[in-house]
Amino acid sequence: MKFMAMCSSGLGSSFMVHMNIETALKTVGAQGVEVDHADLGSVGPEAADVFFVGRDLENSVSDFDDVVVLNSIIDQEELVEKVREACQRHGIATTD
């Protein structure tokens, strides 16, 4: 299972969300999930199972299957909830 954080340049904000996803996975007790980050132009829909993007990029990933749109890329509570939901969708056990 792979989660991918994406932004327009693949640097600052996607890396920050990448790190926060790893923290969220620990918070919900999920294991076996690889996390990465990239820019929009470098990856296609096959690059991960779940993609995390900010609301500003929602239209740019309309051809991707499982996209999690973040209202705020710095809201850890929102991210934890959305990581938990993504794990549940994909049958990944959580402790919460």
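The values are calculated or read from the model by the stated rules, or taken from the named source; none is laboratory data. Computed from a prediction, not measured in an experiment: that's the story for all the values here. For neighbour counting, all protein chains shown are included, and Cβ atoms are generated from backbone atoms with ideal geometry for every residue, glycine included. In case anyone asks, the SASA skips ligands and DNA or RNA and just uses the protein heavy atoms, side chains included. Shrake-Rupley method; radii C 1.70, N 1.55, O 1.52, S 1.80 Å.
Here are the numbers for the structure shown:
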{"quantity": "Total formal charge among the other residues, if their Cβ is under 10 angstrom from that of Cys7, Lys/Arg +1 and Asp/Glu -1", "calculated": "-2"}
{"quantity": "Accessible area of the chain divided out per residue, in Å², using a probe of 1.4 angstrom", "calculated": "53 Å²"}
{"quantity": "Mean Cα-pair separation over length for the chain, i.e. relative contact order, pairs under 8 Å, 6 or more apart, %", "calculated": "34 percent"}
{"quantity": "Radius of gyration and maximum dimension Dmax of the stretch 2-89, Cα, Å", "calculated": "11.5, 32"}
{"quantity": "Cut-off 16 Å, label 7 Å out along Cα→Cβ of Lys2, residues of the stretch 56-72 by amide N", "calculated": "64-67"}
{"quantity": "Net charge of Cβ neighbours under 15 Å - reference Met19; Lys, Arg +1; Asp, Glu -1", "calculated": "-3"}
{"quantity": "Label-to-label distance, nm, for residues given as Leu11 and Ala93 (7 Å Cα→Cβ offset)", "calculated": "4.2 nm"}
{"quantity": "Solvent-accessible area, 1.4 Å probe, carbon plus sulfur percent, for the chain", "calculated": "47 percent"}
{"quantity": "Size of charge dipole - the stretch 2-89 - debye, nearest 20, with Cβ of Lys, Arg +1 and Asp, Glu -1, no other charges", "calculated": "200 debye"}
